[in-house]
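All remarks here apply to the structure that follows.
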Amino acid sequence: MKVLFIHADYLSYRVKEKTPSAEDIEGSRKNGSMDEPLITLISIESSDERSEAEKLAEATLKTISDVSSKIGVKNIALFPFAHLSEDLASPDFAVSVLKETESKLKEEGFNTLRVPFGWYKEFELKSKGHPLSVLSRILAP
């Protein structure tokens, strides 16, 4: 799994068009926003499927918690972002990891926004620009 973190003033998105692998979403998830988020652009890779979704979500939670504690944020935006890898996991597995990660974050008291998987999206963000405002991590199964 590859993760790009961006600490931002805000994030807003609006879904535009489904891809063949798009998850079904309710109308309320067709757009969303969050102020002061730690945006986690996540690409789940085929090698991640050697792990259980729950264990991968646990590792993701640990990494997000570590980064968020360093910058002092509780707002987390989970943003599926296939463009970080050329070797992607199956859509079903990726969605299960994202949902499990969202659940674990909420259990730990984080405010969480999960952007829909498999949709072309229009989005806007404004990066903070401090030394820890953009970080990347690679999580191995």
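Each semi-axis of the equivalent ellipsoid for the range 25-90 is √(5λ) with λ an eigenvalue of the Cα gyration tensor; in descending order they amount to 22, 18, 11 Å.
Our note on the geometry: Cα centres of the range 85-134 and the range 51-83, 8 Å apart. Annotation: lysines with alpha-carbon distance below 16 angstrom to LYS16 (same-chain offsets under eight excluded): LYS30, LYS121. One decimal place: the segment SER127-SER21 gains 35.3 nm when fully extended, by the rule 0.36 nm per residue minus the C-alpha distance.
Need one word for the range 46-125: rounded, prolate or oblate. Basis is the Cα gyration tensor (sqrt eigenvalues a ≥ b ≥ c); a/c below 1.5 gives rounded, then a/b vs b/c decides. Oblate, since a/c reaches 1.5 and b/c is not below a/b. For the chain, the alpha-carbon coordinates run over 35, 32, 29 Å along the three principal axes, in decreasing order.
Straight-line cross-link reach from LYS106 at under 17 Å between alpha-carbon atoms covers these lysines, not counting any fewer than eight positions away in the same chain: LYS55, LYS62, LYS74. Inter-label distance, ASP87 to LEU135: 2.5 nm, where each label sits 7 Å from its Cα along the C-beta direction. Label-to-label distance for GLU52 and SER28 is 3.1 nm, based on points extended 7 Å past Cα in the beta-carbon direction. Looking at the chain alone, DSSP beta bridges between its own residues are antiparallel in about 75 percent of cases. Taking 0.36 nm per residue of separation and subtracting the current Cα-Cα distance, fully stretching the chain between GLU36 and LYS62 would add 7.4 nm.
Computed from the coordinates by the stated procedures, all read-outs in this text should not be read as laboratory data. Bear in mind the structure is a predicted one, so any value in this text is a computation, not a measurement. Heads up, the Cβs are rebuilt from the backbone with ideal geometry, glycines too, and the neighbour counts pull from every protein chain shown.
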